[in-house]
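For reference, the structure is listed below as structure tokens.
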Amino acid sequence: MSVTINHQTNDISATSGSMTIDGAAIPSGGGGGGAATNNDILVVAGGGSGAASSGAGTGGAGGAGGLIYNKNITIAAGTTYPISIGAGGSASSAGSDSFGQNGSDSSAFSLTAIGGGGGGRWGSAGLDGGSGGGGGGRDLFGTYSNFGGSSVYGQGNNGGNATTANAANSDTSGGGGGSGGLGHSAGYFLGGYGGQGMSIPILGEANNVYYASGGGGGTEDGATPGAAYPGGGGYGGSTQNSVRSADVNTGGGGGGASGSANNGAAGNGGSGVVILRTLLSATATTGSPTVTTDGSFNIYKFTGSGSITF
């Protein structure tokens, strides 16, 4: 037995299956029920790190971790669902021409988000991933592949291309792809901006948060580094500014290294996150998720791996 209440018409009717209040289905039976509606899930993978530099060139930025946002997933009563949070890619040691490292995958409720691609080292293409890493800056007379990496599985966007060194022999690298937009290609004395993140309303309409933006490309010799949009991506390095790592639990890409400052250090990628918004109440969790409410909804935010049971 269940009850339907319409506050617009004051109609009350008895049916079977679930209780509905103003159009929102609330499963009967307390915390142990199961439902295929009003269960929204966000899965974000770890972002890629930027590429490091030995001083010969600049590093491409890391791409954002793949982002999956699904509404109305099915949750079965009495089932334990494992949650895996992907780590961000770790930047290589300063002073080495090294590719950025891809972020690790995140998974929950049979959904897997792919880790972001690492930035391309000097004169090399960015790595493929959830969003692609930015291409690494190249020498004026070199014949290198410096394209941005590709997004895989439609969970993000491609990274931006690097430039050939300009007349002042200053090369600039591409921005990492973001969940909401392509990584920007580098320009004259300008590192590529990271691709935009996405604003997801899973915490409630008044608390939209951006996730999974790409990192900014590195520069040298006074050029302006690539910036990052909201979503956790790190800024690229330059002669004037230190490179920045992505924010934790955003899936942002790390900034690419400067070839003439900070010993060629690059930024780390941001770790991933899983957030579930549901009218159900979990009977058990592991991994210490943060639990908040938005009206009748329970919101479970996992910043570390664990599980949830209904």
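The values are calculated or read from the model by the stated rules, or taken from the named source; none is laboratory data. Computed from a predicted structure; not experimentally measured. Note that each Cβ is placed from the backbone with ideal geometry, even for glycine, and that neighbours are counted across all protein chains shown.
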Qualifying residue in region 80-91 (condition: more than 17 Å from G251 (Cα to Cα), assigned to a loop (DSSP other than H, G, I, E, B), in contact (Cβ under 8 Å) with a residue 40 or more places away in the chain and more than 15 Å from the chain's Cα centre (by Cα)): no
Failed condition for I200, given (1) at pLDDT 95 or above; (2) within 12 Å of the chain's Cα centre (by Cα): (1)
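At positive phi and either modelled with pLDDT under 90 or in a loop (DSSP other than H, G, I, E, B) (or both), is that true of G237? Lay out the reasoning, then the answer.
Details: at positive phi: no; either modelled with pLDDT under 90 or in a loop (DSSP other than H, G, I, E, B) (or both): yes.
No; evaluated as a whole, the condition is false for this residue.
Take the residues of region 251-264 that are buried (at least 24 other Cβ atoms within 10 Å of the Cβ) and either outside any loop (DSSP other than H, G, I, E, B) or hydrophobic (A, V, I, L, M, F, W, C) (or both): which is modelled with the lowest pLDDT?
The first filter runs over region 251-264 and keeps only residues buried (at least 24 other Cβ atoms within 10 Å of the Cβ), leaving 251-259, 264.
Remaining after also requiring either outside any loop (DSSP other than H, G, I, E, B) or hydrophobic (A, V, I, L, M, F, W, C) (or both): 257, 264.
Values: A257: 92, G264: 84.
Looking at residues that are buried (at least 24 other Cβ atoms within 10 Å of the Cβ) and either outside any loop (DSSP other than H, G, I, E, B) or hydrophobic (A, V, I, L, M, F, W, C) (or both), I get G264.
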Residue pairs meeting the criteria (Cβ under 9 Å; at least 6 apart or on separate chains; first closer than 15 Å to N268 by Cα and touching a residue at least 12 places away in the same chain (Cβ under 8 Å), in region 115-137; second surrounded by fewer than 24 Cβ atoms within 10 Å (Cβ to Cβ) and among the acidic types (D, E)): G115/D105; G117/D128; R121/D97
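Among the residues of region 217-234, how many are of a type in the set (S, T, N, Q) and in a loop (DSSP other than H, G, I, E, B)? Don't jump to the end; show me each part of the working.
To start, the set of residues in region 217-234 that are of a type in the set (S, T, N, Q) comprises 219, 224.
Checking which are in a loop (DSSP other than H, G, I, E, B) leaves us with 219.
Residues flagged as of a type in the set (S, T, N, Q) and in a loop (DSSP other than H, G, I, E, B) within region 217-234 amount to 1.
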Matching residues in region 203-216 - criterion: being under 17 Å from the mean Cα position of the chain (by Cα), in a loop (DSSP other than H, G, I, E, B) and not aliphatic (A, V, I, L, M): N208, S213, G214, G215, G216
